[in-house]
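The values are calculated or read from the model by the stated rules, or taken from the named source; none is laboratory data. Here the structure is a predicted model, which is why all the values come from computation and not from measurement. No Cβ is skipped: glycine too gets one built from the backbone with ideal geometry, and neighbour counts run over all protein chains shown.
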Amino acid sequence: MRPPLSSLTRRDFLNGVALSVGGAFLSPRDVFGEPSFYPPTLTGMRGSPDGSFEVAHALRDGLFWTTAGPPADTGERYDLVVVGAGISGLAAAWYFRKAAGPSARILVLDNHDDFGGHARRNEFQIGGRTLIGYGGTFAIDSPAPYSATASALLAELGVDVSRWGRMVERGLYAGLGMSSAVFFDRETFGVDRLVRAPAAIIEQGAAGSGTGQADPLAVFLADAPLSESARRDVARLVKAPADYLPGLDDGQKKARLTRTSYADFLMKMAGSDSGVLPFFQARPHSLYGLGIDAVSALDAWGIGLPGFAGMRLEPTAGPGMGLDARPGRRSPFLHFPDGNATIARLLVRRLIPHAVPGRTADDVVLSRVDYARLDERGPVRLRLNSTAVRARHTSQSTEVEVDYVRSGRLEQVRARSCVLACWSGVIPYLCPELSRTQGEALAYATKVPVVQTTVVLRRWTSFHALRVSQAHCPGSFHTSVGLDLPVRVGRYQPPRRPEEPIIVQMARTPCRPGLPAREQHRAGRMELVTTTFDTFEQNVRDQLTRMLGAGGFDAARDIRALTVNRWPHGYAYQYNSLWDPFWISGGPLPCVAARQPFGHIAIANADAAAYAYTDAAIDQAYRAVGEVLARA
Ligand SMILES: Cc1cc2nc3c(=O)[nH]c(=O)nc-3n(C[C@H](O)[C@H](O)[C@H](O)COP(=O)(O)OP(=O)(O)OC[C@H]3O[C@@H](n4cnc5c(N)ncnc54)[C@H](O)[C@@H]3O)c2cc1C
C-alpha cells in the first residue's frame, strides 16, 4: 500500500528544485539563479508562468488602455516586426531574411522569458550531468506528411530526419524487462493498482487490430480492477467486435460514426457495460485535449481505439474526420531531447549567430544560448518579456506601429511590415483596424489547455523493480507518466542504468467531460491558471508514490526537481465533427477567413491553419511572409 501523503516531507521544494537531501546534486546556484539568466534551467511553474499573461488579460478585459499613457517611441525602425517567437514567428523572421537579405532589420517580440513558444526546453544539472527534457512540443511528428516548405526548412537547418533510428536506443527499457502499464486509481476504480499491459492497450494506433493479443490481454484483464462485465466487454471490443451498423455501406457507417461520440458508440452501438467508460475516457487526451465523450467514434477508429474491426471500414477518411485520425501517410518522426526546442534554437542561431554557439544540429543540443545577446543591436533582434498590445498602420498607411509592454513600460517601434505569429484569439485585441467579421473568425480559434510536467528522479530503480517504463493513468491527475525516451545526439547521452538520474515526463489535460469541446477547453484553461504549483507538486508526489511505492519509490528522496510546463493556451483548436458542423459539410473554415492579411499586416501561427503541429506553424509563416512581401 502507498504511504499516506502526510508521511512525506512536504514543502521540500523552492521553485521546483528539491532542497532536502539533494546537496550532492544541486548547488544553491541552481536554486537562486545563475550568473547569466538561462531560462531553460528554471524550475517550478513554467510554460506560461505568472508574469507572462497579465498584460494580455488586461487588454482582453478592456482595462489596459484605461490606465496606459502614450507609448514611448524607441526610435527603432524595422523592415519587419514579428509578434510571437514560437516556431511560426521564428520561421517568419527566417523566411523574410532569406527573401530580403541579411541586412534586413527584423524585431521579434514575445511575452515569455524564453523563445520557441510551445517548443520549450527544460534543462537540469544533476549529479554532475546535464539532463534535457521537453516542456512542450515533443517531436517532428505530424499526422500528414510535412509540406515541401516545412521539409526544406528542416533540411536547411541541418536536421536529418532519416537519422532517428540511429539516435534512439529503442530496446533499452524492453531489454531491462520493462513494458507499458495502466495505473488504476482508487478514486476512479476503487483501488490503486499498477498493471502491466500490452502496448496495444495504451498506445494509439494499435488496439484496433484485434488479433494476436489474447494471452497478454487476458493476463492484463485478470488483474485489472474492473467489473466482470466491463472486463468481458473490453476483451470483446479488442478481440471480437461485431459490425455494430449492419446493413449500412462504408459511407453511411462513417457518416453515422462521425456524429457519434466514442462514448456513445461504446454504450449505445456496441452495447458495452458502463464500466468500460472510465477505462477508455482519457485515451484521446494527448491528441485532442478531450476525453471519449467529445471525440467522434470515427476519429476513435482513426486513432486506433478498439471496437471497429468487425465493421470492415475502408481505410479512407470519412467526412468530418479529425486531422489526427485520417488514414494515410504521416510525417517522418524525430525527437530531440528537448523536443522541437532544438528547431527553435537552430532558427535563432541562423538569425542571431552570436547568441547561439556552435554549427550543427548535433552541437546545438548542448550549447548554451546567451540570452543577454538576443536583443543586441544588429539586423535581427529577439526581445523577450515583451507583450504586444497594439499593431496598427500609421496615418499614411505606409508603416505599422507596434506597441508592446516590457518591464511595465509601454514602448513603440515601427516597421514596414508586421507578421502576427501570436495566437489568433489575441489578434482582435491588438488590431483596432480589423473588420468585425475577421475578428469573429479569429476568435473562433480557441486554445487547448495542456500540461507537460518534467520530473527529475535521482534514480529509476522503482520503475525497474516494477518492470514498467510508461503508464497510462486514466483517472489520475496526470494521465500519462513515462521515462524519457532514450536519445543520444552529439555529446548528449541518455541515462542507461536504473541507478542514474532520469527525467520522467507526465502529461495532464484539464477538461470537463460532458460539456461541448470548446467549453471544455475554456473550463480547463480556467482550472490551469488557478491551480498553484503546490497543488501540482502534491499531485505529482502523490501519484508517483501510489504508482511506484511498491517498487521502493520515495518521493522525498527520489524527486530532485520539478518543472510544471503549464500551457493554458496550448494546442491550436482543430475542428471536431461533433461540434463544428461546417467541418462535416465542407463549409468555409473560420481559419481561412481569420488569416487574411490587411495592409502591411499578415497572420501566421499554427492557429491560422487550425492544425496543432509544427509543420503548420512553418507553412503559415511562409504564407504570411509571402503576403507582406507582396505588399511591400
Ligand atoms: C504540450 C504541447 C505538445 C506539442 N507536441 C507537438 C508535437 O509533438 N509535434 C508537433 O508538431 N506539434 C506539437 N505541438 C504543437 C506545436 O507546438 C505547435 O503547433 C507549434 O509549435 C506552434 O507554434 P506557433 O509559433 O504557431 O505558436 P506558439 O508556439 O504558441 O508561439 C506563439 C508565441 O506568441 C506569443 N504571443 C502570444 N500573444 C502575444 C503578444 N500579445 N505579444 C507577444 N507575444 C505573444 C506566445 O506566448 C507564444 O510564445 C505541441 C503543443 C503543445 C502545447
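Might you check whether a residue that is more than 14 Å from residue 462 (Cβ to Cβ), of a type in the set (D, E, K, R) and under 23 Å from the mean Cα position of the chain (by Cα) occurs anywhere in region 569-585? Yes, because at least one residue in region 569-585 is more than 14 Å from residue 462 (Cβ to Cβ), of a type in the set (D, E, K, R) and under 23 Å from the mean Cα position of the chain (by Cα). Examine region 123-138 for a residue that is within 16 Å of the ligand (Cβ to nearest atom) and surrounded by fewer than 16 Cβ atoms within 10 Å (Cβ to Cβ), and state whether such a residue exists. Among the residues of region 123-138, not one is within 16 Å of the ligand (Cβ to nearest atom) and surrounded by fewer than 16 Cβ atoms within 10 Å (Cβ to Cβ), which makes the answer no.
Selection of helices (runs of 4 or more DSSP H) fully inside region 506-613 by the criterion of at least 1 residues being crowded, with 24+ Cβ neighbours inside 10 Å returns 517-530, 533-548, 555-558, 590-594.
Conditions (1) in a loop (DSSP other than H, G, I, E, B); (2) farther than 19 Å from residue 84 by Cα; (3) polar (S, T, N, Q), marked per residue:
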{"residue": "360", "(1), (2), (3)": "yes, yes, yes"}
{"residue": "364", "(1), (2), (3)": "no, yes, no"}
{"residue": "372", "(1), (2), (3)": "no, no, no"}
{"residue": "375", "(1), (2), (3)": "yes, no, no"}
{"residue": "404", "(1), (2), (3)": "no, no, no"}
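Here's a check for you: in region 417-459, which residue that is assigned to a loop (DSSP other than H, G, I, E, B) and over 19 Å from residue 616 (Cβ atoms) is nearest to the ligand (Cβ to nearest atom)? Filtering first and then ranking leaves 431. Mind listing just one residue for me: the one in region 54-87 that is within 23 Å of residue 632 (Cα to Cα) and in a loop (DSSP other than H, G, I, E, B) and, of those, farthest from the ligand (Cβ to nearest atom)? Among them, the one singled out is 85. Filtering region 58-88 to residues that are under 25 Å from residue 606 (Cα atoms) and free of Cβ contacts under 8 Å to residues at least 60 places away in the same chain leaves 58, 61.
Mind checking whether some residue in region 95-107 is at pLDDT below 95 and either small (Gly, Ala, Ser) or in contact with an Asp or Glu (Cβ under 8 Å, 6 or more places away or on another chain) (or both)? Scanning region 95-107, I find no residue that is at pLDDT below 95 and either small (Gly, Ala, Ser) or in contact with an Asp or Glu (Cβ under 8 Å, 6 or more places away or on another chain) (or both), so the answer is no. Contact annotation: residue pairs with Cβ atoms under 9 Å, 6 or more positions apart or on different chains, pairing a residue in region 128-151 that is over 18 Å from residue 452 (Cβ atoms) and of a type outside the set (Ser, Thr, Tyr) with a partner that is within 9 Å of the ligand (Cβ to nearest atom) and assigned to a helix (DSSP H, G or I), are 144/615; 145/615; 150/91; 150/614; 150/615; 150/616; 150/617; 150/618.
Residue-by-condition table, conditions (1) within 15 Å of residue 454 (Cα to Cα); (2) within 15 Å of the ligand (Cβ to nearest atom):
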residue: 529; (1), (2): no, yes
residue: 541; (1), (2): yes, no
residue: 549; (1), (2): no, no
residue: 554; (1), (2): no, no
residue: 561; (1), (2): yes, no
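Selection of first residues in region 304-327 that are more than 20 Å from residue 289 (Cα to Cα) and of second residues that are outside any loop (DSSP other than H, G, I, E, B) and among the aliphatic types (A, V, I, L, M), restricted to Cβ pairs under 6 Å at least 6 apart or on distinct chains, gives the following pairs, ordered by first then second residue: 307/237; 318/298; 319/584.
The residues listed here are 368, 377, 409, 383; of these, the one that is touching a Lys or Arg at 6+ places or on another chain (Cβ under 9 Å) and either at pLDDT below 95 or over 16 Å from residue 157 (Cβ atoms) (or both) is 383.
Of the residues 214, 181, the single one that is modelled with pLDDT under 95 and away from the ligand (no atom under 16 Å from the Cβ) is 214.
Being away from the ligand (no atom under 11 Å from the Cβ) and of a type in the set (Gly, Ala, Ser) is the filter here; which residues of region 593-632 pass it? Once the filter is applied, which keeps residues that are away from the ligand (no atom under 11 Å from the Cβ) and of a type in the set (Gly, Ala, Ser), region 593-632 yields 593, 594, 599, 602, 626, 630, 632. Restricting attention to region 320-355, the residues that are part of a loop (DSSP other than H, G, I, E, B) and buried (at least 20 other Cβ atoms within 10 Å of the Cβ) total 14. Checked against the criteria, residue 601 does not count as in contact with a strand residue (DSSP E or B) (Cβ under 8 Å, 6 or more places away or on another chain), modelled with pLDDT of 95 or more, within 30 Å of residue 498 (Cβ to Cβ) and among the β-branched types (Val, Ile, Thr). Listed by first and then second residue, the pairs with beta-carbon distance under 6 Å, at least 6 apart or on different chains, first residue in region 153-171 and surrounded by 13 or more Cβ atoms within 10 Å (Cβ to Cβ), second part of a helix (DSSP H, G or I), are 153/618; 157/346. Looking across 275, 307, 318, 289, one residue alone is small (Gly, Ala, Ser), within 31 Å of the chain's Cα centre (by Cα) and modelled with pLDDT under 95. It is 318.
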